[in-house]
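Take a look at the structure set out below.
The values are calculated or read from the model by the stated rules, or taken from the named source; none is laboratory data. Since we're looking at a predicted model, the values are computed, not measured. Cβ placement follows ideal geometry from the backbone for every residue including glycine, while neighbour counts extend to all protein chains displayed. Heavy atoms of the whole protein, side chains included, go into the accessibility calculation; ligands, DNA and RNA do not. Shrake-Rupley method; radii C 1.70, N 1.55, O 1.52, S 1.80 Å.
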Amino acid sequence: MKTQSLHKRESELANANRQLEILSNGIFQNGELPTFAEKIKETQQFPLRPKKLEILQINVGYMCNQVCEHCHVDAGPDRKEIMTRETMEQCLEVIRNTGAHTLDLTGGAPEMNPDFRWFVEEASKAGIKDFIVRSNLTIIRANKKYYDLPEFFKKHNVHVVSSMPHWTRGKTDKQRGDGVFDASIKALQELNAVGYGMPDSDLRLDLVYNPSGAFLPGDQASMEKDFKKALMEDFGIQFHNLFAITNLPISRFLDYLIASDNYEDYMYSLVEAFNPSAVANVMCTNTISVSWDGWLYDCDFNQMLGLQVASKVKHISEYNEEILNNRNIIISQHCYGCTAGAGSSCQGTVA
């Protein structure tokens, strides 16, 4: 298990342009596989266009207490990029005036931003219907200053979406690091204790599954049943839904694919599993992603590849929903990950 980000290791894949080169060349350049643009042209879905904005996803920083093997953000303790309160103020102005009904805070570990609680308190006053915080769970047990997060989340009716690779210690720790499983179980039990995840509770607790290797996730509904059965029997833990998310071939997962000589096979798997009916509901059609420094992207994945929105409005400080809605969505070969099988988004399957 590596303990430093690609950025800290000065890996060539820390450079988004290098990742895009890999995704554009080789088997896609020589015609072995169709590019994503070619593929959606076949189904008359090009260019990809936004629909009504529903979700504002804000990345409040890349700092994290974990260094997960598959992380598309390349987050870690050594990442110092953190959203300032000034940029948060600009986000709040947009939240108050946008048509979005869901606010989705992500990271890194969003809770590590020193202004995280202030931002949650201010944003919760803005009338958002679904207020999501994407927590890695272990942050709740990482330091005493985080121990009261379950109560804080409850106070603001935050919808907690938590990463949980597997219901077994071995598979979880292999992907996320030694001790992650035990800390995650403890955190889930604490969330349950304040009412999160209970069958009739409005305190939403959902789990996220990412495959641990170079393969696509299985059936989401079947996995949810397995997770619920195992976590209840072994630990008395309850949760609402499981989201199965396909690992996209970018950042640390791309590094893993290349190092394990699985890159081409994985791309073949994604292309062969392409589902045209998933294209209509991919996250970039109803989401705007905001980076820690306020730049706008079609999705969280494009953010990590430095692919800003194709609009004259590119920063949260100049936000204009009408102008943004009149744009084409930027695509590349990583988009196959969101359209494979039942599709994949931050909310799980889409088809």
With the first residue restricted to the stretch 40-65 and required to be small (Gly, Ala, Ser), and the second required to be assigned to a strand (DSSP E or B), Cβ contacts under 9 Å at 6 or more apart or on different chains are Gly61/Ile82
Among (1) open to solvent by 20 Å² or more (accessible area, probe 1.4 Å); (2) at pLDDT below 95, Gly343 falls short only on (1)
Scanning the stretch 257-287 for residues that are crowded, with 17+ Cβ neighbours inside 10 Å and either acidic (Asp, Glu) or under 30 Å from Ile316 (Cα atoms) (or both) gives Ala278, Val279, Asn281, Val282, Met283, Cys284, Thr285, Asn286, Thr287
Condition set farther than 20 Å from His70 by Cβ and of a type in the set (Phe, Trp, Tyr), scope the stretch 130-183, selection surrounded by the most Cβ atoms within 10 Å (Cβ to Cβ): answer is Phe153
ask   = Is it the case that some residue within the stretch 48-60 is open to solvent by 10 Å² or more (accessible area, probe 1.4 Å) and either within 22 Å of Ser163 (Cβ to Cβ) or touching a Lys or Arg at 6+ places or on another chain (Cβ under 7 Å) (or both)?
value = yes
In the set Tyr266, Tyr297, the lone residue that is within 18 Å of the chain's Cα centre (by Cα), within 17 Å of Gln333 (Cα to Cα) and aromatic (Phe, Trp, Tyr) is Tyr297
Among Leu23, Leu56, Leu48, Leu33, the single one that is at pLDDT 95 or above, in contact with a Leu (Cβ under 7 Å, 6 or more places away or on another chain) and of a type outside the set (S, T, N, Q) is Leu56
Looking across the stretch 206-247 at residues that are in contact with a His (Cβ under 6 Å, 6 or more places away or on another chain) and within 28 Å of Lys129 (Cβ to Cβ), the single one that is most open to solvent (accessible area, probe 1.4 Å) is Asn210
Practice task
Could you tell me whether any residue of the stretch 156-165 is closer than 29 Å to Tyr256 by Cβ, at pLDDT below 90 and part of a loop (DSSP other than H, G, I, E, B)?
Solution key: yes
When restricted to Ser317, Ser291, the only residue in contact with a helix residue (DSSP H, G or I) (Cβ under 6 Å, 6 or more places away or on another chain) and either open to solvent by less than 30 Å² (accessible area, probe 1.4 Å) or closer than 22 Å to Ala16 by Cβ (or both) is Ser291
